[in-house]
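Heads up: the structure comes next, in structure tokens.
Any read-out appearing in this document is the output of simple, stated calculations on the displayed coordinates, not a laboratory observation. As the structure is a prediction and not an experimental result, all values here were calculated from the model. No Cβ is skipped: glycine too gets one built from the backbone with ideal geometry, and neighbour counts run over all protein chains shown.
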Amino acid sequence: MGFMSMSGLEMTKLVAVAVLALGLAGPAAAQLAQNSDAPVDITADALEVVNTQCLSIWSGSAEALQDRTRLRADVLKTYNAKGAARPNGQSAPCGALERMEAIGNVYYVTPQQRVRGNNANYDVTSEKIVITGDVVAVSGQNVIRGDRLTVNVATGDAQMESGAKGRGKARPRAVIYPNQQTAAQPAPRR
């Protein structure tokens with residue numbers, strides 16, 4: 001069967017194989033979170049804090065590190081839970097980290113893969129990171145490209161999407177080296 005005669009189901013299976021080969025699903029993707037209880041270490045050239053919004057804006061070569069997972073961008077915004085209003089009308093201090101937004105030249109790096117994009121949004125509660133804008137994910141020699149990558153870091157489920165439809169458009173695309181072993185995949189039995 002040639003590439004042109006593939007059904008939608010067969011194409012979906014091919015994309016699933018590409019995502020698995022890149023280590024973006026299964027045990028390797030679970031490594032994206034590494035240790036979600038580990039502290040988040042953030043650094044940048046400048047920091048602005050807006051207490052009324054429970055917002056911190058880290059700008060200029062911003063970088064967040066948690067365990068062995070790294071998120072870099074031109075700007076990182078962290079949003080914490082807003083405290084409940086007190087009887088005197090003042091709000092309580094901000095709470096736990098709820099989400100992070102990465103803007104411009106985004107790099108998301110784990111021990112198994114590197115992902116580049118224009119923007120990213122990490123929702124702590126849902127444990128999902130969404131990377132958008134000319135996304136390139138690399139694991140070893142394997143490469144997959146698209147417009148939007150969504151990864152559930154708890155389950156390892158991943159989905160690469162593109163707004164373009166049809167031949168000649170910028171659809172999700174992968175270059176996979178089938179005999180390459182990734183750290184998360186066991187060697188084949190013989």
Self-check item: Proximal charge balance of VAL153 [Cβ under 11 Å; K/R count +1, D/E count -1]
Solution: -2
Quiz item: When DSSP beta bridges are limited to those with both residues in segment 34-135, what percentage is antiparallel, rounded to the nearest 5?
Solution: 100
